[in-house]
1. Ignoring everything but the protein chains, give the 1.4 Å probe accessible area of R39 in square angstrom, nearest 10.
2. Please give the helix 34-50 orientation as an angle from the longest Cα principal axis of the chain, in degrees from 0 to 90, rounded to the nearest 10.
3. Please report the projected area of region 199-278's Cα convex hull averaged over all directions, in nm².
4. Using a Förster distance of 30 angstrom, determine the FRET efficiency expected from the C-beta separation of S112 and N284, and round it to 0.05.
5. Order I58, I92 by their accessible area, 1.4 angstrom probe, all chains in place, largest first.
6. Please enumerate, by chain and number, the lysines with C-alpha under 22 Å from the C-alpha of K315, excluding those fewer than 8 residues away in the same chain.
7. Let me check something: with ligands and nucleic acids excluded, how do V197, V21 order by accessible area (1.4 Å probe), largest to smallest?
8. How long are the three semi-axes of the equivalent ellipsoid for the chain, computed from the Cα gyration tensor as the root of 5 times each eigenvalue, in whole Å, largest first?
Amino acid sequence: MTNEEAETANRYGDYASGLRVERTLAYLDSIPDPRQRIRECEIASEQARSIQSKIATIRRKAVYELTLRPGSSGESVAVELGVSPKAVSAAISEARKTDLHLLRAALELYQSIAWTDLSGQEIAAAHSTRDVLFAARTVLRAGATRHLDNESNATFEILEDAQRRATALASAGKVEVPSPLWVRRPIGQTPPDYSSVPSKYLPLARVLNALPQVIGWVADSKLDESWMLSWQIRPAEPYSTVFDAGPHRDGWATSEWLVWLLRDYERSGYAMHHYMASPPPFLNEPGESLSFVVTFPKHSDEKIVDPNALAAWVKTTWDKTGYATITWPEEEHS
């Protein structure tokens, strides 16, 4: 497990019995009418049985992806998982067929319309191959130089689906490929990035990202003499998006708490301005675009907010009024 995977696991915990199961059980238990509760339990049980085949399909695809690792084979994966080589072979055949169908559909679009800087010969070679990693790599290379112009919704969906699947295949096969600029990484998979955070804001940025299920940033404003902090709510499930899984319950509660805390700070006479912001969701990623933003002027007739004092106040107040226990990041001393 990589450090990033471990961080995601720590953020989300054990999702074999995750929030969806928890919410379903809570809903069933909350139904006041016993007859309705029985009916809803029967419906939930039937739905649970119906997803078994879907879970099996997802598992077979995961088995197939294990065989894409450098040095792996169907036989080695069968031994690793303790299953029959025949089962692994069936998983490979089924998933490869599905992947090649999607990747070839995207390559056909790239070949028929001059939307990429790749040559027609390169695209044709990838279209005819049975090497799914070669096809995936070519789709990603084509996408990295893709010219976005007059695409229909159907075409965009094919190219986007192929791009996402090719990215997953390249990751499974440890293939280095360029990543297109328009594909945004879901918030649930985005670890905090402090590389561009000025040192004077680092303590506050680390405290902000220690709060449950939000991801935050602190920076100087590019518009005026002020600095700003902003945050977004992570999705309810790891590796997903807010659009697909909904906002995380804990992130929603954290945002509620932060809005209260900062508004209370403002009422104490500190200069700040609160608002919510979003770029056009239809040009970005629906569900991934909304941010909570607070700006702090560096010069004002009101009290000026010191970022280190605010970080300390967040920790102190959360420890008294927050809904979860947090192990705060250690302060770094220069």
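1. R39 exposes around 130 Å² with every protein chain in place.
2. The angle comes out near 50 degrees.
3. 6.2 nm²
4. In this case the efficiency is close to 0.65.
5. I58, I92
6. K200, K303
7. Correct descending sequence by accessible area is V21, V197.
8. Values: eigenvalues 343, 168, 77 Å².
Ellipsoid semi-axes (Å, largest first): 41, 29, 20.
The values are calculated or read from the model by the stated rules, or taken from the named source; none is laboratory data. This one's a predicted model, so the numbers in the text were calculated from it and none came from an experiment. Because the Cβ atoms are built from the backbone with ideal geometry, glycine has one as well, and the counts that use them run over all protein chains shown. The accessibility values were calculated without ligands, DNA or RNA, using every heavy atom of the protein model including side chains. Shrake-Rupley method; radii C 1.70, N 1.55, O 1.52, S 1.80 Å.
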